[in-house]
Amino acid sequence: MSGRVTVGVVHGAAVGLAVYALGWALRHGFSEPGLAVAFGALIAFGELARWGGPGGERESAPLGVAGALGYALLGQSGGQATHHGVLQAVVVTVTAALAGAVPHAARGRGPGPDHLARRVLTVAFAAACFRPLYNAGTLDEWVGHGPYHALFLLLLLALTALCDAVLAAATAHARTLPHSFKSMGGPPIPYGPLLRDELRALLGIGSAVCATGVVIALAVAVAGLWALPVFCVPLLLTQLAFRRCAAVRATYRQTIASLARATEIAGYTRPGHARRVAVLSRAVGRELGLSAHGLTVLEYAALMHDIGQLSLVDPVPAGATASLSAAEQRRIALLGGAVVRQTGVPAEVAVVVERQADPYREQPLPARIVRAVNAYDDLASGSPGGRLTALEQLRLRTGHDYQPEVVESLARVLARDAGEGRRRSVPSWVTQE
């Protein structure tokens, strides 16, 4: 299935469900309109409070998602049973999310279509698993209103989060497939690493969203709507903490971008070398299944892998340190690691930079990747045959200088990129002056 078909199916299902639910609500009206308005206001506020982070953030409106899930799983309000169905939960979620997104969309920072489609489908899934059973009285017969009811909600939201992770990975993978979304640029990203990243993300803000959704449903069942503002505060504070972390990451990126350009400005490396190595290293890391954190460490280390050359009195021609002695290469690597440790980035980045001159069998995987990609860029830029000659030279030196699996992963990334026949994209933060 092509990327356009995959994304089209997801978007079409979400739009079709939303339109049908809206038509049904207009025809039959709302059950407990006061509850619908209260939860709609919470979802809209959560959308308004979304952080303006980069588009790669997995979920930037956690409060809105938790409110939507809480409404889908709401059994009682102040001791009185609720009777709204699956379609009403979808209508409230869609209309409130769109209303809250209007100010962001006016500034060009609204939620993407993939996020909205997943929101509709996951809320519909949770409501479809809960509402029919509860409204028919079957759920009370099975688990009652005690601790087993709370456990059932937790398990249901865990399954819902799993479905959301599958959808998120599928759409992200589809948007990188050849001949699908050429504006995305870069080589295709395998589905497996994307799914692993989504599942790991569930341990962070994802778990807080699920827990808050359950707490909202249980608290409103006992205390009524007054519980909404009280039990949403913890998640709102968690969101603020995540926003601070995003700001710290942005500061790291700006620092690293400046350091990466230092060797180019001083004439120690060729223009764009660090950027090319970083982009290719990240693609190879995805191919080899590194986690999101591992990819970040790899990218930072790739950008700063030549920073130790600033200690040289005379620049190495074209910045290719392979011609230097092993002792000199090790000295440059250790000096580069010392500089990196002063920047405040994670210590793993400095370790990768420091280990560049070690035998590859003693290096961690990120260091092996940077070493091979760095050599490839040096060879491809300096040889008449370009990438094919550079890859052949790397293959001849596998088993001694470069790990064979890393070289073959690099070859697959380059082959996919060449097959698409388009220019590789570079993250915007890398090119900041």
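Before moving on, here are some points about what is shown:
- Of the criteria (1) open to solvent by 60 Å² or more (accessible area, probe 1.4 Å); (2) within 23 Å of the chain's Cα centre (by Cα); (3) at pLDDT below 95, which one residue 125 fails: (3)
- Within the stretch 128-155, the residues that satisfy the criterion of being in a loop (DSSP other than H, G, I, E, B) and either open to solvent by 40 Å² or more (accessible area, probe 1.4 Å) or farther than 21 Å from residue 31 by Cα (or both) are 136, 144, 145, 146.
- Hits in the stretch 256-273 (condition: among the β-branched types (Val, Ile, Thr) and surrounded by fewer than 17 Cβ atoms within 10 Å (Cβ to Cβ)): 265
- Test: residue 38 is farther than 19 Å from residue 212 by Cα, touching a residue at least 60 places away in the same chain (Cβ under 8 Å) and in contact with a helix residue (DSSP H, G or I) (Cβ under 6 Å, 6 or more places away or on another chain): no
- So residue 227, is it over 28 Å from residue 67 (Cα atoms) and surrounded by 15 or more Cβ atoms within 10 Å (Cβ to Cβ): no
- The residues of the stretch 217-269 that are out of contact with any Leu (no Cβ under 9 Å at 6 or more places or on another chain), under 30 Å from residue 84 (Cβ atoms) and modelled with pLDDT under 85 amount to a single one, 238.
- Listed by first and then second residue, the pairs linking a residue in the stretch 150-164 that is under 11 Å from residue 202 (Cα atoms) to a residue that is of a type in the set (Lys, Arg), with Cβ atoms under 6 Å apart and 6 or more places separating them unless they lie on different chains, are 164/118.
- Residue in the stretch 360-374 that is assigned to a helix (DSSP H, G or I), open to solvent by 10 Å² or more (accessible area, probe 1.4 Å), modelled with pLDDT under 85 and of a type in the set (A, V, I, L, M, F, W, C) present: no
- Close contacts from the stretch 276-291, counting a first residue that is under 12 Å from residue 406 (Cβ atoms) and touching a residue at least 60 places away in the same chain (Cβ under 8 Å) and a second that is among the basic types (Lys, Arg) and part of a helix (DSSP H, G or I), with Cβ to Cβ under 8 Å and a gap of 6+ residues or different chains, come to 287/412.
- Number of the exception - residue 268 against (1) under 23 Å from residue 369 (Cβ atoms); (2) assigned to a helix (DSSP H, G or I); (3) not hydrophobic (A, V, I, L, M, F, W, C): (2)
- Scanning the stretch 86-122 for residues that are buried (at least 18 other Cβ atoms within 10 Å of the Cβ) and small (Gly, Ala, Ser), we see that the one that is farthest from residue 29 (Cα to Cα) is 110.
- Taking the criterion of being without any contact (Cβ under 8 Å) to a residue 40 or more places away in the chain and either open to solvent by 40 Å² or more (accessible area, probe 1.4 Å) or of a type in the set (Phe, Trp, Tyr) (or both), the residues of the stretch 24-33 that qualify are 26, 27, 28, 33.
- Selection count, the stretch 364-377, where residues are touching a His at 6+ places or on another chain (Cβ under 8 Å) and either within 10 Å of residue 391 (Cα to Cα) or not polar (S, T, N, Q) (or both): 2
- Members of the stretch 273-309 that are over 13 Å from residue 256 (Cβ atoms), hydroxyl-bearing (Ser, Thr, Tyr) and assigned to a helix (DSSP H, G or I): 281
- Qualifying residue in the stretch 169-182 (condition: part of a loop (DSSP other than H, G, I, E, B), at pLDDT below 90, open to solvent by less than 30 Å² (accessible area, probe 1.4 Å) and not charged (D, E, K, R)): yes
- Every condition in (1) modelled with pLDDT of 95 or more; (2) open to solvent by 50 Å² or more (accessible area, probe 1.4 Å) is met by residue 38 except one, and the failing one is (2).
- Filter pass, residue 136 being modelled with pLDDT under 90 and more than 23 Å from the chain's Cα centre (by Cα): no
- Selection from the stretch 381-402 of residues that are aliphatic (A, V, I, L, M) and buried (at least 20 other Cβ atoms within 10 Å of the Cβ): 390, 391, 394
The values are calculated or read from the model by the stated rules, or taken from the named source; none is laboratory data. Bear in mind that the values here come from a model prediction, so they are computed numbers and not experimental data. Ideal geometry is used to build each Cβ from the backbone, glycine not excepted, and the neighbour counts take in all protein chains shown. Accessible surface is based on the protein model in full, side chains and every heavy atom, while ligands, DNA and RNA are left aside. Shrake-Rupley method; radii C 1.70, N 1.55, O 1.52, S 1.80 Å.
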